[in-house]
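Read the structure below first, then the notes.
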Amino acid sequence: MLNFTLMKFMKQALNSARHAGKNGDVPIGAVIVRDGVVVARGENLVQRKQNPTLHAEIVAINRATRKLGEKFLTDCDIYVSLEPCAMCATAISFARIRNIYFAAPDDKGGGITANARVFDTDKHLWKPNVIQMDEFADESAELLREFFVSRRKKD
């Protein structure tokens, strides 16, 4: 059973994901936390900004580094509604984020437990702790399923 604080932050990441979905982007959200306080939030902005690099994690990292005035986020944790892709996992490593908490695994695009498996090598400069929060996997996966079903109906 997860503690209330971890659950609270993952719920915020899921709310950011819902917001992204309502605005036409793939519903993925991220929250960066330092000392129990939210530093930054991010949601996918790929479609709205027409930029394939604006994944929720990248948006949150950019906002956090700007807000804190630091390039490294070593005492921060990131909560993400979906397993980060290889690009985002690498960005998290470059930002030196301490912990990655994610809700749903991503068998197709995930960069941690599937495909690239970014952290499975000793050659990484920074390796965060990775924690899957299974309790939120179904909720996250359902947001994605609903989004893509709705999108297919429009096409």
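At a 1.4 Å probe radius, carbon and sulfur cover how many percent of the accessible area of the chain? The value for the chain is 51 percent carbon and sulfur by accessible area.
Taking the Cα centre as origin and putting +1 on Lys and Arg beta-carbons and -1 on Asp and Glu beta-carbons, what dipole magnitude results for the chain, to the nearest 20 debye? Intermediate results must be reported in sequence, preceding the final value.
Values: 23 positive and 19 negative charges, 140 e Å.
Dipole size: approximately 680 debye.
Take the Cα of LYS154, go 7 Å toward its beta carbon, and the backbone nitrogen atoms of the stretch 8-37 under 18 Å from that spot belong to 17-29.
Per residue, the stretch 75-155 exposes 54 Å² of solvent-accessible protein surface, assessed with a 1.4 angstrom probe and all protein chains in place. When the helices of the chain are scored as -39500 (n - 2.57) per DSSP H run of n ≥ 4 and the total is divided over every residue, the value at 222 nm lands at -13000 deg cm²/dmol.
Output the relative contact order of the stretch 1-147, whole-number percent, from Cα pairs under 8 angstrom with separation of 6+ residues. Before the final figure, lay out each step's value.
Values: 320 pairs, mean separation 28.5, N = 147.
Once divided by the residue count of the stretch 1-147, the mean separation gives 19 percent.
If R0 equals 30 Å, the separation of the Cβ atoms of ASN62 and PHE4 corresponds to a calculated FRET efficiency of about 0.55.
With Cα atoms defining each centre, the stretch 48-82 and the stretch 125-155 are spaced 18 Å apart in the structure.
Solvent-accessible surface of the stretch 17-67, averaged per residue with a 1.4 angstrom probe and all protein chains in place: 47 square angstrom. Size descriptor for the stretch 17-155, Kirkwood hydrodynamic radius: 15.0 Å (Cα pairs only, one decimal).
Mind putting a number on the dipole of the stretch 28-68 about its Cα centre? Charges go on the C-beta only, +1 for Lys and Arg and -1 for Asp and Glu, and I need it in Debye to the nearest 20.
Working: 7 positive and 3 negative charges, 37 e Å.
Using only the charged Cβ atoms, the result is roughly 180 debye.
The values are calculated or read from the model by the stated rules, or taken from the named source; none is laboratory data. Just so it is clear, the model here is predicted, and its values are computed rather than measured. Virtual Cβ from ideal backbone geometry, glycine too; neighbours counted across all protein chains shown. All accessible areas refer to the heavy atoms of the entire protein, side chains included, with ligands and DNA or RNA removed. Shrake-Rupley method; radii C 1.70, N 1.55, O 1.52, S 1.80 Å.
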